């Protein structure tokens, strides 16, 4: 791909689209963009780089023959006037993953997929490579300590590490994003139904990972997979090819000492790490398997991983006072909710837990999908669910009743709120010394300042 072109973004406000726009401008590309709705933090970041559109909406006149290419985000529809204009003019049109592949065609491509853990595994690989000063590019779905942007593309890096999700790439590229990257090393962390708005049946969702396993890797590549996931193992092992190595991993051996997680090393010594939870010990095993394939020795991996503090909003400790710890987590799908609650309970088994989940995604607000959450929060002593009625309207979903949610969760003692202030007041009233708090959402609890909430809980407890 010719570098330093004139490029236009349709749906520039997307969480990863705006990061790509910023990165290309940083490299000297001439970048423009449009969107009909831009939220924080995309809005502030685009403004800081002088990329925020003057007006929200779609403007066909912004698409012209002077452009070298157009990149289209997921929420742009087929009748988008800017997309139609680009197609009429014959301007090259790419989805996000198609563009990344074109840019990184000559690089070794590592793609991390799976229903859970992909952001953390990607971040761990990035952290290890960064620790040793390796040159690499990356695409990741969260802020990672030590990295300014969610995305880096360069001329010189020989490797790119990509978080590859299963959501469709674009309206004209309906396959999952991870299918477009053509990886040399594929990681699949596990399969648990999600994205019910796109994959209304679990079988259809699972088929997307079968496609990924069918694609496998380029010749002489590798598939790294979690052998503790029986369904995933059947899929991957059923696609065995002589030119692709299958590398199975399982949860790294560990112990918990006074709330601190320690990896059991091959020499039977123990190495303390900053992250916690059984699922993160599995994520470490996946990251290690990849690093061993790209020139990082086992000793080097352990030396680097001990300082990894986690990706932003992935089981992040936001406040503590000695007897109360408050965590924020991106967990939203049922498997993630179970894993995050289990992690906090395992970290501090002697403390009671107040777990609060926001139903924010389409799947979590969909009454047909809600029963997937049955018993997912039962390990917590106090269980709270919040949803914003405005989100139901935005997603075209019918109203939800508290009793409907309780039945779906199989939990008559579940505390359900549709007002974030009332939810916060309830939490403040019920938190006491010797109790942890876990706030889980892929949203923001109707713009609550979670850092301030955590600090207040610790001051008042």
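The values are calculated or read from the model by the stated rules, or taken from the named source; none is laboratory data. These figures come from a predicted structure and were not determined experimentally. Cβ coordinates were reconstructed from backbone atoms using ideal geometry, including for glycine residues, and neighbour counts include every protein chain displayed.
Numbers below:
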| quantity | calculated |
| --- | --- |
| Residues of region 4-32 that turn out to be closer than 21 Å to residue 91 by Cβ and over 24 Å from the mean Cα position of the chain (by Cα), as a count | 12 |
| Filter result for residue 8 (in contact with a helix residue (DSSP H, G or I) (Cβ under 8 Å, 6 or more places away or on another chain) and part of a helix (DSSP H, G or I)) | no |
| Spans of strands (runs of 3 or more DSSP E) in region 370-461 with at least 3 residues in the same structural domain as residue 200 (by TED's automatic domain parsing) and touching a helix residue (DSSP H, G or I) at 6+ places or on another chain (Cβ under 8 Å) | none |
| Helices (runs of 4 or more DSSP H) (entirely within region 226-329) containing at least 1 residues that are closer than 20 Å to residue 146 by Cβ | 278-293, 298-305 |
| Filtered residue count, region 15-35, keeping only those that are over 18 Å from residue 104 (Cβ atoms), surrounded by fewer than 21 Cβ atoms within 10 Å (Cβ to Cβ) and touching a residue at least 40 places away in the same chain (Cβ under 8 Å) | 1 |
| Unique residue being modelled with pLDDT of 95 or more and either touching a helix residue (DSSP H, G or I) at 6+ places or on another chain (Cβ under 8 Å) or not assigned by TED's automatic domain parsing to the domain that holds residue 444 (or both) when the list is 315, 353 | 353 |
| Given (1) without any contact (Cβ under 8 Å) to a residue 40 or more places away in the chain; (2) touching a helix residue (DSSP H, G or I) at 6+ places or on another chain (Cβ under 7 Å); (3) under 30 Å from residue 23 (Cα atoms), index of the condition residue 165 fails | (1) |
| Single unsatisfied condition, residue 262 versus (1) at pLDDT below 95; (2) within 23 Å of residue 342 (Cα to Cα); (3) surrounded by fewer than 20 Cβ atoms within 10 Å (Cβ to Cβ) | (1) |
| Criterion: over 27 Å from residue 20 (Cβ atoms) and at pLDDT 90 or above - qualifying residue of 239, 177, 227, 219 | 227 |
| Residue match in region 202-223 (condition: more than 30 Å from residue 303 (Cβ to Cβ), in contact (Cβ under 8 Å) with a residue 12 or more places away in the chain and part of a strand (DSSP E or B)) | no |
| Count of residues meeting criterion [closer than 15 Å to residue 7 by Cα, within 26 Å of the chain's Cα centre (by Cα) and outside any strand (DSSP E or B)] in region 48-86 | 3 |
| Out of 73, 66, sole residue that is touching a strand residue (DSSP E or B) at 6+ places or on another chain (Cβ under 7 Å) and surrounded by fewer than 14 Cβ atoms within 10 Å (Cβ to Cβ) | 66 |
| Selection count where residues are over 21 Å from residue 232 (Cβ atoms), in a loop (DSSP other than H, G, I, E, B) and out of contact with any strand residue (DSSP E or B) (no Cβ under 9 Å at 6 or more places or on another chain), scope region 90-145 | 5 |
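Per-residue answers, yes or no, for (1) in contact with a strand residue (DSSP E or B) (Cβ under 8 Å, 6 or more places away or on another chain); (2) surrounded by fewer than 19 Cβ atoms within 10 Å (Cβ to Cβ):
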position	(1), (2)
310	yes, no
331	yes, no
352	yes, yes
359	yes, no
366	no, no
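A quick yes/no check of all residues on (1) surrounded by 23 or more Cβ atoms within 10 Å (Cβ to Cβ); (2) touching a strand residue (DSSP E or B) at 6+ places or on another chain (Cβ under 8 Å); (3) within 27 Å of residue 248 (Cβ to Cβ):
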site: 147; (1), (2), (3): no, yes, no
site: 163; (1), (2), (3): yes, yes, yes
site: 167; (1), (2), (3): no, yes, yes
site: 184; (1), (2), (3): no, yes, yes
site: 195; (1), (2), (3): no, no, yes
site: 203; (1), (2), (3): no, no, yes
